[in-house]
Amino acid sequence: VDEVLKGADGTNIKCGVVGEIGCSWPLTPSEHRVLQATAQAQAQLGCPVIIHPGRNSDSPFQIIRILQEAGADASKTVMSHLDRTIFDTKKLLEFAKLGCYLEYDLFGTEFLHYQFHPDIDMPNDNERIARIRMLIDEGYEDRILMAHDVHTKNRLMKYGGHGYSHIFKNIVPKMLIRGISQDKIDKILLANPKRWLTFK
């Protein structure tokens, strides 16, 4: 709360979001307490929250339940990394009903072996686009966010990666080819992040 209201690390630079709150599977007691504290901070501040779920399809459900029981607002909460977490369409649509933002944020990450969970088949960007199209068709265009989670040097263009422009240069044109309108793309890339990042 202090880092949002006063500033972080002894500076007057104020945080605009709480997170990314890292969670494991199974959730540890410490992570459970951090989620409860996150919910209390969000209830007090009306701030956006972003969650890194554990690598299990039940993890996002458990996290949202804990947050809501502690007073959080799911409509101001992002569940990130869904492209590596919930693969079953029926389960994803069940999760979407809980009202949080559904983030597909591993665009540009395509590999055969997912070192953190070898039995997961990491989807490729075409599959991510198809999943987003399905969510749009099901009426969730107001709850979708996209990113590319650039967090290692090899993902930067200087080192041969896609870089920070990948979604705009490569993904958006493919979304248009797949029948996703520019209006819906603008909603996902502009309006939804703006709404999420605006304090209540």
- Please go through segment 118-127 and pick out each residue that is within 23 Å of Tyr101 (Cβ to Cβ) and either hydrophobic (A, V, I, L, M, F, W, C) or over 16 Å from the mean Cα position of the chain (by Cα) (or both). Ile120, Met122, Asn124, Asn126, Glu127
- Message: Can you say whether Met175 is within 14 Å of Leu102 (Cβ to Cβ) and hydrophobic (A, V, I, L, M, F, W, C), as far as the supplied structure shows?
- Response: no
- Note on the structure: Here the residues within segment 98-127 that are open to solvent by 20 Å² or more (accessible area, probe 1.4 Å), in contact with a Phe, Trp or Tyr (Cβ under 9 Å, 6 or more places away or on another chain) and either in contact (Cβ under 8 Å) with a residue 60 or more places away in the chain or under 19 Å from Ile64 (Cα atoms) (or both) are Leu98
- Filtering segment 1-31 for residues that are under 19 Å from the mean Cα position of the chain (by Cα) and either in contact (Cβ under 8 Å) with a residue 60 or more places away in the chain or surrounded by 12 or more Cβ atoms within 10 Å (Cβ to Cβ) (or both) leaves a count of 12
- Matching residues, segment 128-148, being among the hydrophobic types (A, V, I, L, M, F, W, C), open to solvent by 10 Å² or more (accessible area, probe 1.4 Å) and more than 12 Å from the chain's Cα centre (by Cα): Ala130, Met134, Ile136
- Right, Phe95: at pLDDT 95 or above, part of a loop (DSSP other than H, G, I, E, B) and open to solvent by less than 30 Å² (accessible area, probe 1.4 Å) or not? no
- Query: Within segment 128-143, can you find the residues that are in contact (Cβ under 8 Å) with a residue 24 or more places away in the chain and not acidic (Asp, Glu)?
  - Reply: Arg128, Ile129, Ala130, Arg131, Ile132, Arg133, Met134, Leu135, Ile136, Tyr140, Arg143
- Taking the condition among the polar types (S, T, N, Q) and surrounded by 15 or more Cβ atoms within 10 Å (Cβ to Cβ), does Asn192 pass? yes
- Phe87 part of a loop (DSSP other than H, G, I, E, B), open to solvent by 10 Å² or more (accessible area, probe 1.4 Å), on the phi < 0 side of the Ramachandran plot and at pLDDT 95 or above: yes
- Filter segment 48-59 down to the residues that are more than 18 Å from Ala147 (Cα to Cα) and in contact with a Leu (Cβ under 9 Å, 6 or more places away or on another chain), then identify the one that is most open to solvent (accessible area, probe 1.4 Å). Ser57
- Taking the stated definitions as given, is Ala39 more than 22 Å from Glu103 (Cα to Cα), open to solvent by less than 30 Å² (accessible area, probe 1.4 Å) and not in a strand (DSSP E or B)? no
- Query: Does segment 1-22 contain any residue that is touching a Pro at 6+ places or on another chain (Cβ under 8 Å) and hydrophobic (A, V, I, L, M, F, W, C)?
  - Reply: yes
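The values are calculated or read from the model by the stated rules, or taken from the named source; none is laboratory data. Predicted, not measured: the structure shown is a model, and the values here were computed from it. Neighbour counts are summed over all protein chains in view; Cβ atoms, including those assigned to glycine, are modelled from backbone coordinates with ideal geometry. Only protein heavy atoms, including side chains, enter the accessible area calculation; ligands, DNA and RNA are left aside. Shrake-Rupley method; radii C 1.70, N 1.55, O 1.52, S 1.80 Å.
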